[in-house]
Amino acid sequence: MSTPARPHGRSTIAVHGTPSPKRADTPVAPLLSQSVNYVQQFGSSEGLLYSRYGNTPNHTSLQERLALLEGAEAAAVLSSGMGATACALLALLRPGDRLLASQYLYGGTYRLLMEEFVGLGINVTLVDPFEPRAWRKRITRETRAVFIETPVNPTCRVIDLRPISFQTQESGLALVVDSTFASPVNYRPLEHGADVVIHSATKYLNGHHDVLAGVVCGTASYIEEVRHKMIVWGQAADPFACWLLERGLKTLDVRVRRANENAMAIATWCSGRKEIRRVHYPGLLSHPDHAIATELLDGYGGMMAIELVGGGRAADRFLRRLKVFQHASSLGGVDSLVIEPRYSSHASLTAAQRAKIGIPDGFIRMSIGIEDAEDLIADLEQALT
């Protein structure tokens, strides 16, 4: 009697997908098939391959690997993280339906929900995810789904999905989670009660600041609904983006683990600086969600934020003096980046709205890369003094 095969680890999955014996002439690196269309058999629509349908060889190989990483039945790769969020939710909601969403959201998602979805006749209610019983109080007969972002961009708050998933399962609602900040290396929401996982694959999954893409993971039947929205709204990813993303996945584990280590060292150093009023990093004991992050996450992540004494003026001076850190949007790549959310991810919010969700002037988001931690700390020190 044969012994059951041991499940492969996530680093192995990220490199190989499902390992299998290869022919002697099989290329080690994935091949790029940039063709938009393919010769079709006569008299049938079976086997139709078309780039806009997201079913070319590069799409298929990547999607299988992403589903394995998240522990999902299936995955769809789309043209951006925002495209993934839109299609994931449109596959669940119709005019007249209600969506409950965490009030702690990426600015682009906030605009999508509060402007575009409301304009489509979808009711959106924002909920404080840290308020006990908040979700249950707001569930109505029209509610169809709950949307959560954890860890939260840019405050790094960590939301416990388990009590929320208990309520969504009890009420027959879909729990949709944006897990971009964590990556599958640090957190896998499906293991904690989520039904759908979204990533901006532009960030950690690719990790090199050269791909724009998004990912939705869930059941096979649900992903078919997402694909339908993706096709009709023109949100499929380009085959070359898929090829680059599959290549980026091969180093996902080592990149994320190095970023975790660097961020912990930098957050610890920042917590002792008089120029910094507050450090936002779940790996610190001072973080309000440290206990739950320690319980749920496999790593505290490469994202952190600081609030400078002196507010916006101090932030402007600090950012202009940095040399190793680059002042740029996006996150999750090998290069360390800094940005002020008031001028980027949350620029569409008023100062009062930003303050309500913990983003005052002088708040700087930091995406920690894989450089030497000592060099990053030295750069911060010279910029602060």
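The values are calculated or read from the model by the stated rules, or taken from the named source; none is laboratory data. Worth saying up front: this structure is predicted, and the values here are computed from it rather than measured. Note that each Cβ is placed from the backbone with ideal geometry, even for glycine, and that neighbours are counted across all protein chains shown.
Just to be sure before I move on: is residue 80 surrounded by fewer than 20 Cβ atoms within 10 Å (Cβ to Cβ) and either among the small types (Gly, Ala, Ser) or at pLDDT 90 or above (or both) in the structure I sent? It is true that residue 80 is surrounded by fewer than 20 Cβ atoms within 10 Å (Cβ to Cβ) and either among the small types (Gly, Ala, Ser) or at pLDDT 90 or above (or both). When segment 339-381 is filtered for residues that are at pLDDT 95 or above, in contact with a Lys or Arg (Cβ under 7 Å, 6 or more places away or on another chain) and more than 15 Å from residue 327 (Cβ to Cβ), only 370 remains.
Would you call residue 176 over 9 Å from the mean Cα position of the chain (by Cα), within 27 Å of residue 240 (Cβ to Cβ) and among the hydrophobic types (A, V, I, L, M, F, W, C)? Here the answer is no, as residue 176 does not meet what is asked. The numbered conditions (1) among the aromatic types (Phe, Trp, Tyr); (2) farther than 30 Å from residue 249 by Cα; (3) surrounded by fewer than 21 Cβ atoms within 10 Å (Cβ to Cβ) are all true for residue 135 except (3). Of the residues making up segment 337-355, those that are in contact (Cβ under 8 Å) with a residue 60 or more places away in the chain and either buried (at least 17 other Cβ atoms within 10 Å of the Cβ) or assigned to a helix (DSSP H, G or I) (or both) are 341, 345, 346, 349. So which of 69, 31 ends up being closer than 28 Å to residue 257 by Cα, at pLDDT below 90 and aliphatic (A, V, I, L, M)? None of the other options fit; the residue is 31. Among the numbered conditions (1) surrounded by 19 or more Cβ atoms within 10 Å (Cβ to Cβ); (2) within 18 Å of residue 144 (Cα to Cα); (3) not aromatic (Phe, Trp, Tyr), the only one that residue 96 does not meet is (1). Annotation: of all residues in segment 152-170 being touching a residue at least 12 places away in the same chain (Cβ under 8 Å) and surrounded by fewer than 15 Cβ atoms within 10 Å (Cβ to Cβ), the one that is nearest to residue 293 (Cα to Cα) is 162. Filtered by the rule that a residue be of a type in the set (Gly, Ala, Ser), modelled with pLDDT of 80 or more and exposed (fewer than 10 other Cβ atoms within 10 Å of the Cβ), segment 12-26 gives a lone residue, 24. The numbered conditions (1) crowded, with 17+ Cβ neighbours inside 10 Å; (2) in a loop (DSSP other than H, G, I, E, B) are all true for residue 323 except (1).
Restricting to segment 316-329, count the residues that are farther than 18 Å from residue 377 by Cα and at pLDDT 95 or above. Residues that pass the stated criteria total 2.
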